[in-house]
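J.: Please see the structure below; I have some questions.
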Amino acid sequence: MTFASARGIASARLNESLIYLNYISSIEPKPGQPIGQDMKVMKGLFFVLLYGALEKSTTESVQLLLTKIKSLEPKNEHVTLPFNVISMARKWKSIKDKGYKGVFSQMNDFFLALESSDYHGIDESLFSDLMQNVWANTIDEIAGAFGMSGFTLAIADRVLIDELVGNRNAIAHGRESAASVGERYQCADLRKKLSDIQTLIDAFIDRLEAYFNQREFVRPAMQVHYP
């Protein structure tokens with residue numbers, strides 16, 4: 001499998017969350033018994049662990065996809081129109097960095113480069129800043145940048161991701177204590193969230209792998225050049 005390394009990273013991170021959750025579950029008070037502050041804190045911190053698994057898995061998978069595409073050095077005249085977001089990113093950044101001076105000649109060069117037979121380079125860290133907070137909209141934006149069809153987050157998945165990120169950020173940035181977040185959940189709730197995030201990550205990696213293997217970033221008539 002071309003994305004075996006990404007799956008390995010995801011599995012390792014999710015397993016950390018599972019080990020932690022299994023421990024919490026083993027000491028969770030029975031229904032009707034008082035719940036100590038330590039248990040509330042541990043449940044809250046579970047969101048930090050699980051979000052870390054989501055961010056690491058998605059970031060590594062996207063970076064791996066960019067690395068694999070980069071290895072093929074696709075000519076820009078061969079790529080699909082949406083993929084120009086990625087294939088032309090370096091040139092676009094160069095225009096931005098130079099400011100207004102000579103902007104029209106730079107833009108002329110930019111648009112001519114869209115249909116050139118050159119490979120303009122691919123920045124493997126292109127999405128690094130964006131993926132520092134992996135919301136549902138972040139995944140949408142990345143899929144759109146690749147021109148990737150067939151991967152749509154269900155409403156339940158969107159709610160889950162945004163809940164996970166929101167709880168993690170609230171704890172990490174001090175807006176809420178880990179205890180105040182954790183007291184809202186039972187271990188059974190957390191286990192369901194872990195299972196659902198694992199399913200989502202697996203589906204995301206599968207889609208990235210299919211995108212690369214089917215050379216979806218290349219125009220159909222030109223895919224013969226990228227076996």
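J.: Considering only segment 139-177, how many residues are under 30 Å from Ile35 (Cβ atoms), of a type in the set (S, T, N, Q) and in a loop (DSSP other than H, G, I, E, B)? Talk me through it step by step, then tell me what you get.
T.: Going residue by residue through segment 139-177, those that are under 30 Å from Ile35 (Cβ atoms) are 156-177.
In the following step, the residues that additionally are of a type in the set (S, T, N, Q) were identified as 167, 169, 177.
From what's left, in a loop (DSSP other than H, G, I, E, B): 177.
Within segment 139-177, residues that are under 30 Å from Ile35 (Cβ atoms), of a type in the set (S, T, N, Q) and in a loop (DSSP other than H, G, I, E, B) number 1.
J.: Oh, and also: Name the pairs: first residue in segment 30-56 and more than 12 Å from Ile171 (Cβ to Cβ), second residue of a type in the set (A, V, I, L, M, F, W, C) and in a loop (DSSP other than H, G, I, E, B), Cβ to Cβ under 6 Å, at least 6 apart or on different chains?
T.: Pairs that qualify, where the first residue is more than 12 Å from Ile171 (Cβ to Cβ) and the partner is of a type in the set (A, V, I, L, M, F, W, C) and in a loop (DSSP other than H, G, I, E, B), are Leu54/Val134; Glu55/Val134.
J.: Among the residues that make up segment 30-45, is at least one of them among the aliphatic types (A, V, I, L, M), within 23 Å of the chain's Cα centre (by Cα) and either part of a helix (DSSP H, G or I) or at pLDDT 95 or above (or both)? I'd like the intermediate steps shown before the answer.
T.: Filtering segment 30-45 down to residues among the aliphatic types (A, V, I, L, M) leaves 35, 39, 41-42, 45.
Okay, now just the ones that are also within 23 Å of the chain's Cα centre (by Cα), so 45.
Filter once more, so that each one left must be either part of a helix (DSSP H, G or I) or at pLDDT 95 or above (or both): 45.
Checking segment 30-45: at least one residue is among the aliphatic types (A, V, I, L, M), within 23 Å of the chain's Cα centre (by Cα) and either part of a helix (DSSP H, G or I) or at pLDDT 95 or above (or both).
J.: Quick check: is even one residue across segment 92-111 modelled with pLDDT of 75 or more and outside any helix (DSSP H, G or I)?
T.: Taking every residue of segment 92-111 in turn, none turns out to be modelled with pLDDT of 75 or more and outside any helix (DSSP H, G or I).
J.: I'd like to check something: does segment 4-11 contain any residue that is loosely packed, with under 12 Cβ neighbours inside 10 Å, at pLDDT 95 or above, within 21 Å of the chain's Cα centre (by Cα) and aliphatic (A, V, I, L, M)?
T.: Scanning segment 4-11, I find at least one residue that is loosely packed, with under 12 Cβ neighbours inside 10 Å, at pLDDT 95 or above, within 21 Å of the chain's Cα centre (by Cα) and aliphatic (A, V, I, L, M), so the answer is yes.
J.: I would also like to ask the following. Exactly one condition in (1) more than 30 Å from Tyr23 (Cβ to Cβ); (2) part of a helix (DSSP H, G or I); (3) among the hydroxyl-bearing types (Ser, Thr, Tyr) is not met by Ser180; state its number.
T.: (1) is the only condition that Ser180 fails.
J.: Quick one: Ile155 ticks every box in (1) in contact (Cβ under 8 Å) with a residue 60 or more places away in the chain; (2) exposed (fewer than 12 other Cβ atoms within 10 Å of the Cβ); (3) of a type in the set (A, V, I, L, M, F, W, C) bar one, so which box is it?
T.: Here Ile155 meets the rest and fails (1).
J.: So, in segment 37-87, of the ones that are farther than 25 Å from Gly144 by Cβ and of a type in the set (Lys, Arg), which residue ends up surrounded by the fewest Cβ atoms within 10 Å (Cβ to Cβ)?
T.: Result: Lys40.
J.: Related question: Can you tell me which of (1) farther than 24 Å from Lys75 by Cα; (2) surrounded by fewer than 19 Cβ atoms within 10 Å (Cβ to Cβ); (3) of a type outside the set (Lys, Arg); (4) in contact (Cβ under 8 Å) with a residue 12 or more places away in the chain is the one Ala178 doesn't meet?
T.: Only one criterion is unmet by Ala178, namely (2).
J.: Just checking, how many residues over segment 181-217 are buried (at least 17 other Cβ atoms within 10 Å of the Cβ) and touching a Ser or Thr at 6+ places or on another chain (Cβ under 7 Å)?
T.: Of the residues in that region, 9 qualify.
The values are calculated or read from the model by the stated rules, or taken from the named source; none is laboratory data. This one's a predicted model, so the numbers in the text were calculated from it and none came from an experiment. Cβ sites come from the backbone with ideal geometry, for glycine too, and all protein chains shown count toward neighbours.
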